[in-house]
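Peer 1: The structure is given below, and queries will be raised subsequently.
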């Protein structure tokens, strides 16, 4: 069940007419049905409000700004910033040099990172040595050596 639209207050109706004009078809869709109820319930007040908004609409539609004089046009064009010509080779080379320096710094960072990570990893043959020395007891070997010597 849909809710029936409520009649707009005259203050709200007038605010909508001032904002959107005297033609209710240009009002937001969600307010048109409520506006129609307001017009049906109080046609004299609603028509006065819509007529005032319509008069303003007509005045705004009829208004045309005066064309700019030739002197004003020339003054504005004379004050406008000039388009920049080509920047030349110097600034381009400076930007290219800066870009090359940044690229070299990035490449050096990658090389250093790879080298540091290679140093922190044990060599591949270390696992075999560690497995061979797993049962090795250095203290027992020292005791045996002192017994044979002494």
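Since every read-out is calculated from the coordinates, none of them should be taken as a lab result. Here the structure is a predicted model, which is why all the values come from computation and not from measurement. Cβ sites come from the backbone with ideal geometry, for glycine too, and all protein chains shown count toward neighbours.
Peer 1: Say we look at segment 5-30 and pick out the residues that are surrounded by 12 or more Cβ atoms within 10 Å (Cβ to Cβ) and more than 22 Å from residue 58 (Cβ to Cβ); which of these is nearest to the chain's Cα centre (by Cα)?
Peer 2: Top of the filtered list is 12.
Peer 1: Taking residue 61 as meeting all but one of (1) assigned to a helix (DSSP H, G or I); (2) surrounded by 10 or more Cβ atoms within 10 Å (Cβ to Cβ), write down the number of the exception.
Peer 2: Unmet condition: (2).
Peer 1: Also, I was wondering about something else. Inspect all residues belonging to segment 56-70 and state whether any of them is touching a residue at least 24 places away in the same chain (Cβ under 8 Å) and under 30 Å from residue 24 (Cβ atoms).
Peer 2: Yes, that holds for at least one residue.
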